[in-house]
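Chemist: Could you have a look at this structure, given as structure tokens, before my questions?
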């Protein structure tokens, strides 16, 4: 039983090569797994930051909308107040003018017999 050195050497080198290939494959797999883990943590961080940023912006926009709605309500009340005051002023001026017309019509009727042709007067 003779041991052939060439075949023994081939078997030993083949086993060493196989072990090296397995070791290198494990390194590549570990490298891929670490990159996936880093990418996953980075992605989760970005999603959290984006969610927080979006949430902050929504709160800010909601506050601005509340402010504008409050301003709108205040302006609406002010405009209604002004319209009411203007309506009262116009009504007062109209009543004064109608009273003057009645007085002038009465004076002209008494002085010269003038008759106004409107049924209201």
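Readers should treat all values here as calculations from the given coordinates under stated rules, not as data from a laboratory. Everything quoted here is computed from the prediction, not taken from an experiment. Reconstructed Cβ throughout: ideal geometry from the backbone, glycine too, with neighbour counts over all protein chains shown.
Chemist: For residue 19 and residue 116, calculate 0.36 nm times their separation in residues minus their Cα-Cα distance, and state this gained length in nm to one decimal. Walk me through the numbers on the way to the answer.
Modeler: Numbers: separation 97, 0.36 × 97 = 34.92 nm, distance 12.49 nm.
Full extension from residue 19 to residue 116 adds 22.4 nm.
Chemist: Let me ask another. Per-residue ellipticity at 222 nm for the chain, helices alone: DSSP H runs ≥ 4 residues times -39500 (n - 2.57), over residue total, nearest 500 deg cm²/dmol?
Modeler: Values: 1 runs with 108 residues, N = 121.
Calculated at 222 nm, the ellipticity per residue is -34500 deg cm²/dmol.
Chemist: Apply 1/(1 + (r/R0)^6) to the Cβ-Cβ distance of residue 38 and residue 7, taking R0 = 35 Å, and write down the FRET efficiency to the nearest 0.05. Intermediate results must be reported in sequence, preceding the final value.
Modeler: Working: r = 46 Å, r/R0 = 1.32.
Given R0 = 35 Å and the Cβ-Cβ separation, E is 0.15.
Chemist: So, in nm, how far is label residue 91 from label residue 54 when the simple model puts each one 7 Å beyond its Cα toward the Cβ?
Modeler: In this crude label model, residue 91 to residue 54 measures out at 5.5 nm.
Chemist: Turning to a different aspect of this structure: Average the reciprocal distances over every distinct pair of alpha-carbons in the chain, invert the result, and give the Kirkwood radius in Å.
Modeler: Details: mean 1/r = 0.0395 Å⁻¹.
That comes to 25.3 Å for the chain.
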